[in-house]
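See structure below.
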Amino acid sequence: MSAGEREIIYTVKDRCRVCYTCVRECPAKAIKIMNGQAEIMTERCIACGNCIRVCSRDAKMFVFSIDRVKDLLNSRYKVAAIVAPSISGEFTDIKDFRHFVGMIKALGFDYVNEVAFGAELVASKYKEMLESRPSRPLISTSCPAIVSYVEKHHPQIIDSLMPVVSPMIATAKVIRERYGADTRIVFIGPCIAKKHEASKEQFDGLIDEVISFVELRRMFEEKKISEDRVEPQEFDPPVAGKGAIFPISGGMLQTVDLEEDFVKGEIIVAEGRRDIIEVLREFEEGYLEAKMFDLLCCNGCINGPGMSNNKQFFFKRKNISDFAKRRYDLIDMEQWQKDLDQFLKLDLSREFMADDQRFPGTSRTDEVREVLRKFGKKEPEDELNCGACGYDTCYEHAVAIIQGIAESEMCLPYTIEKLHEYIEELDVSNKKLESTQAALKQSEKLASMGQLAAGIAHEVNNPLGVVIMYSHILLDDMDPSSPFYRDLKLIVQQADRCKKIVGGLLNFARKSKVKIDEVNVKRLINNGLKTLLIPRSVDLEVRINNQNPLIECDHDQIVQVFSNLFKNAIDAMPGGGKLSILVDDDSHGDMVNFRVRDTGTGISKDIMEKMFEPFFTTKETGQGTGLGLPIIYGIIKMHRGTIKVDSNDDPAKGPTGTTFYVSLPRRSVDEKNNNKTS
């Protein structure tokens, strides 16, 4: 930060919503985006206040000086208010200027003077310099934001700045001369940059405080001062003439009867962010030739950030023109000329100091291209130059990232693309979560049923054993010719069937033992297929892609698993189809994955939720007990594996069929430990 400069504009972070409007509107690119927050870089800031004017959330604010002005008014010194001529554009509801003079004096000011008179002094100095045919083009210096912009961002053309003070400083010198050095001076106007200008070392002791029209209105509200409560009063001398039109575009020229001649091109008038950036750039590069450049950072001072209302631009402009005309009609021309001649003898010169805040130019095209690629600009046609980031081009945005004042996330198309990717990832995660929740729900249900089945099997097994034993003894002792032999044989058969059902329940409830052996995967599949009669209408495809064909498991139980799965697959294809069996390893080689797929009729969603429940079956009565899949489930759990199913029964959604996924650990714990866990 330059000597004498202080922070004038700051960010209210709670209000900032990273719209990047302030970045776009800042001519000095003095706003840095860090972690989505806009921060003012004071050393680069020219205090133009564009960011304040365009921020719809009031996240950009400027420092108020009301309390210090109150201290001045309560001091023993005489205090003069020097008022910018744009005051008539601020108080558009007051038709007689004498009323707002009276309102300002009601605050406690001893004098109220027009900065318009200082503007006339400055304009006269400009005219003298132009008529002396300067050897180089000149840039007006009435706007402190323009002066700061040249000093900080175009220091190589600093010699073209007119060495003349601003109307504010000129008026302050007049007040000191007329009312004495002890008089305290407060500038009131629409410009925030005046706060910076007043603090410069070369103007030390001239301006004591600067407040905006916003602050002036606040002071009126606090003391309940209004037009109808004060006596109208005149401005204190010296009074101004045409200087009242200084705030509007080209007003300086009209003050001293100069004109912007578009044919000769001797004077160029420009205002607003875009125009001044372009004019100064072209001037620096040697494209523009003129005697003078009259530049205003705002669209006329009537649009300054210190105005309480930035709307009704043309209405405010008309008010200022009407105000100037009324003032000029009332002026005592003889006294005005006398005052002008007297105070033109004051030293109105000033100096400028280069404060180069330009970022080092980047010639590292490869680095810029790499940054562009990172936020999706892989080809030149990807560079939309939409300006949503606050920079005019994607290239400028990339350079700003390299300079450390911007972030990739500022690019709206890139952010939207990343958002779509996040949504897709979230959708996948939600589906996985939904599947996991369903599996957990099913597991909890099966666990509860397993406990119930274990209890039933335990209670039934002992009395059933007695029934089976005595029924077999009776059958052995019974004469086959006896009329009771056939009934007793039926009892024995049904008792044996009950024994199998209880055995199935025990397997489902994980109460049986596992005998672990090292088995070849191919042998498991082949032995499972040997138990079936595969119809000619069913095509069989077996692919075994394991690096290591060996797995530790209970051979008989796993064969039972596969024979059940193969049989169910064939039963699901009564009209024929294809049975595919695939075996491979997981990425770490710790698990062996089995996939059994059929092209059958598929399984509906409501059936899939019940398929591992004991005694649930879709087969006809007498064709199945409903224990096949529950037993498979229990066996796989005993082997610390997993079983999943995926199925489609709707031809409109694609080919129908069912796929069972079984994963078993390649290495098992020993039988002793395994039995403990079961």
Leading residue by the ranking (surrounded by the most Cβ atoms within 10 Å (Cβ to Cβ)) among those in the stretch 282-323 that are free of Cβ contacts under 8 Å to residues at least 24 places away in the same chain and within 38 Å of the chain's Cα centre (by Cα): 313
Has the stretch 180-191 got at least one residue that is at pLDDT 90 or above and among the acidic types (Asp, Glu)? yes
Scanning the stretch 543-602 for residues that are among the small types (Gly, Ala, Ser) and either touching a Phe, Trp or Tyr at 6+ places or on another chain (Cβ under 7 Å) or not in a loop (DSSP other than H, G, I, E, B) (or both), the one nearest to residue 637 (Cα to Cα) turns out to be 563
For the stretch 111-140, enumerate the residues that are surrounded by 21 or more Cβ atoms within 10 Å (Cβ to Cβ) and either outside the structural domain of residue 237 (by TED's automatic domain parsing) or assigned to a loop (DSSP other than H, G, I, E, B) (or both). 140
Would you check which residues across the stretch 204-244 are surrounded by 18 or more Cβ atoms within 10 Å (Cβ to Cβ), more than 47 Å from the chain's Cα centre (by Cα) and not in a loop (DSSP other than H, G, I, E, B) and list them? 242, 243
Does the stretch 384-394 include one or more residues that are surrounded by 14 or more Cβ atoms within 10 Å (Cβ to Cβ), within 30 Å of residue 119 (Cβ to Cβ) and in contact (Cβ under 8 Å) with a residue 12 or more places away in the chain? no
Taking first residues from the stretch 114-137 that are closer than 14 Å to residue 172 by Cβ and second residues anywhere that are outside any helix (DSSP H, G or I) and of a type in the set (D, E, K, R), the pairs with Cβ under 9 Å that are 6 or more apart or on different chains are 114/236
Test: residue in the stretch 254-265 that is at pLDDT below 70 and part of a helix (DSSP H, G or I): yes
Given the conditions (1) closer than 22 Å to residue 356 by Cβ; (2) touching a residue at least 60 places away in the same chain (Cβ under 8 Å), and given that residue 86 satisfies all but one, which numbered condition is not satisfied? (1)
In the stretch 141-199, which helices (runs of 4 or more DSSP H) lie fully inside it and hold 2 or more residues that are among the charged types (D, E, K, R), in contact with a strand residue (DSSP E or B) (Cβ under 9 Å, 6 or more places away or on another chain) and crowded, with 22+ Cβ neighbours inside 10 Å? 193-198
Answer from 53, 68 - the residue that is at pLDDT 95 or above and under 30 Å from residue 112 (Cβ atoms): 68
The stretch 63-82, subset touching a residue at least 40 places away in the same chain (Cβ under 8 Å) and in contact with a Phe, Trp or Tyr (Cβ under 8 Å, 6 or more places away or on another chain), residue surrounded by the fewest Cβ atoms within 10 Å (Cβ to Cβ): 63
Sole residue being hydroxyl-bearing (Ser, Thr, Tyr), in contact with a helix residue (DSSP H, G or I) (Cβ under 9 Å, 6 or more places away or on another chain) and at pLDDT 85 or above, chosen from 563, 512: 563
Here's a check for you: in the stretch 44-95, which residue that is assigned to a loop (DSSP other than H, G, I, E, B), of a type in the set (D, E, K, R) and out of contact with any Lys or Arg (no Cβ under 8 Å at 6 or more places or on another chain) is nearest to residue 169 (Cα to Cα)? 76
Can we say residue 345 is loosely packed, with under 13 Cβ neighbours inside 10 Å, modelled with pLDDT under 90 and either closer than 30 Å to residue 173 by Cβ or not aromatic (Phe, Trp, Tyr) (or both)? no
Could you look through the stretch 601-645, keep only residues that are of a type outside the set (Val, Ile, Thr), under 22 Å from residue 578 (Cβ atoms) and surrounded by 14 or more Cβ atoms within 10 Å (Cβ to Cβ), and pick out the one that is modelled with the lowest pLDDT? 628
Residue check, residue 350 among the basic types (Lys, Arg), in contact with a strand residue (DSSP E or B) (Cβ under 8 Å, 6 or more places away or on another chain) and under 30 Å from residue 190 (Cα atoms): yes
Any chance the stretch 154-170 includes a residue that's closer than 30 Å to residue 360 by Cα, touching a residue at least 60 places away in the same chain (Cβ under 8 Å), assigned by TED's automatic domain parsing to the domain that holds residue 282 and of a type in the set (Ser, Thr, Tyr)? yes
Does residue 352 meet the test of being at pLDDT 90 or above, closer than 28 Å to residue 277 by Cβ and more than 21 Å from the chain's Cα centre (by Cα)? yes
Per the list (1) touching a residue at least 40 places away in the same chain (Cβ under 8 Å); (2) more than 24 Å from residue 34 (Cα to Cα); (3) part of a helix (DSSP H, G or I), residue check on residue 400 breaks on (2)
Among the residues in the stretch 301-309, are any within 24 Å of residue 129 (Cα to Cα), of a type in the set (Gly, Ala, Ser) and in the same structural domain as residue 123 (by TED's automatic domain parsing)? no
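The values are calculated or read from the model by the stated rules, or taken from the named source; none is laboratory data. Just so we're clear, the structure is a prediction, and the values are computed from it rather than from any experiment. A quick note on method: Cβ atoms are made from the backbone with ideal geometry, for glycine too, and the neighbour counts reach across all protein chains shown.
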